[in-house]
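Heads up: the structure comes next, in structure tokens.
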Amino acid sequence: MSRAKPVLISVDGVDAAALLAAARAALGSPSRGGISRWDASGVFQDLAVADEAAGAPSARTLLLLYAADLAFRLRWQIRPALAEGRTVVAAPYVDTAVAFGRAAGLKAGWLTNLFRFVPRASDRRFVLPAEARATAARDGFVGFSCDRMMGATSGASRRRLSADTAAHLRRAAKRKAPKTRP
């Protein structure tokens, strides 16, 4: 009996609802595999309930937590599924986090080093175009991070950071030339 070829698909973007819809479309049938979503480890859920006295995290802190969560996803979701010959859709994967870091002013070299441990999703990569409603989504990594960094009183700053993240994603998509729609 031949084993199916494992497939790793990345779907990156700003809008959490669009990411999930695109991930489902890219996967096709759930019997083929599964979707690995951000915060599988629960570290961001813990941050969401942290007391206000903890203060607002920096972009660097949020990205270190994202990297830790991605390491968890790789160990417990992505690599085991690939070893079984299944398809895994990572939504979001690395490009979203890097774009957020660049939008927040972090250096490209630091981000490259941070995510050096992550296997490349060379099978299929999708970058979703940003949409106007993307800044309203608070349940994805970008929306959550913008809210945590900027606080409840800085709507314009949150929108700007989200828009800048989308702009960095668009530039990355042009440089790497991935598909833009699943």
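Here is a yes/no grid of residues against (1) free of Cβ contacts under 8 Å to residues at least 12 places away in the same chain; (2) within 18 Å of Asp95 (Cα to Cα); (3) open to solvent by less than 70 Å² (accessible area, probe 1.4 Å):
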site: Ala40; (1), (2), (3): no, yes, yes
site: Val49; (1), (2), (3): yes, no, no
site: Leu63; (1), (2), (3): no, yes, yes
site: Tyr66; (1), (2), (3): no, yes, yes
site: Phe72; (1), (2), (3): no, yes, no
site: Ile78; (1), (2), (3): no, yes, yes
site: Glu84; (1), (2), (3): no, no, no
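What helices (runs of 4 or more DSSP H), lying completely within the stretch 1-74, carry at least 3 residues that are within 17 Å of Val127 (Cβ to Cβ)?
Working: elements: 16-27, 43-48, 59-73.
In the stretch 1-74, 16-27 are the helices (runs of 4 or more DSSP H) which contain 3 or more residues that are within 17 Å of Val127 (Cβ to Cβ).
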Practice task
Would you mind stating whether Arg32 is open to solvent by 20 Å² or more (accessible area, probe 1.4 Å), farther than 18 Å from Val142 by Cα and modelled with pLDDT of 90 or more?
Solution key: no
Practice task
State the number of residues belonging to the stretch 99-139 that are open to solvent by 10 Å² or more (accessible area, probe 1.4 Å), modelled with pLDDT of 90 or more and out of contact with any His (no Cβ under 7 Å at 6 or more places or on another chain).
Solution key: 15
Fill in the blank from the handout: Considering the stretch 155-170, residues that are open to solvent by less than 30 Å² (accessible area, probe 1.4 Å) and among the hydroxyl-bearing types (Ser, Thr, Tyr), and then whichever is modelled with the highest pLDDT, we arrive at Thr165
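The values are calculated or read from the model by the stated rules, or taken from the named source; none is laboratory data. As the structure is a prediction and not an experimental result, all values here were calculated from the model. Heads up, the Cβs are rebuilt from the backbone with ideal geometry, glycines too, and the neighbour counts pull from every protein chain shown. Just the protein is used for accessible areas: all its heavy atoms, side chains included, with ligands, DNA and RNA removed. Shrake-Rupley method; radii C 1.70, N 1.55, O 1.52, S 1.80 Å.
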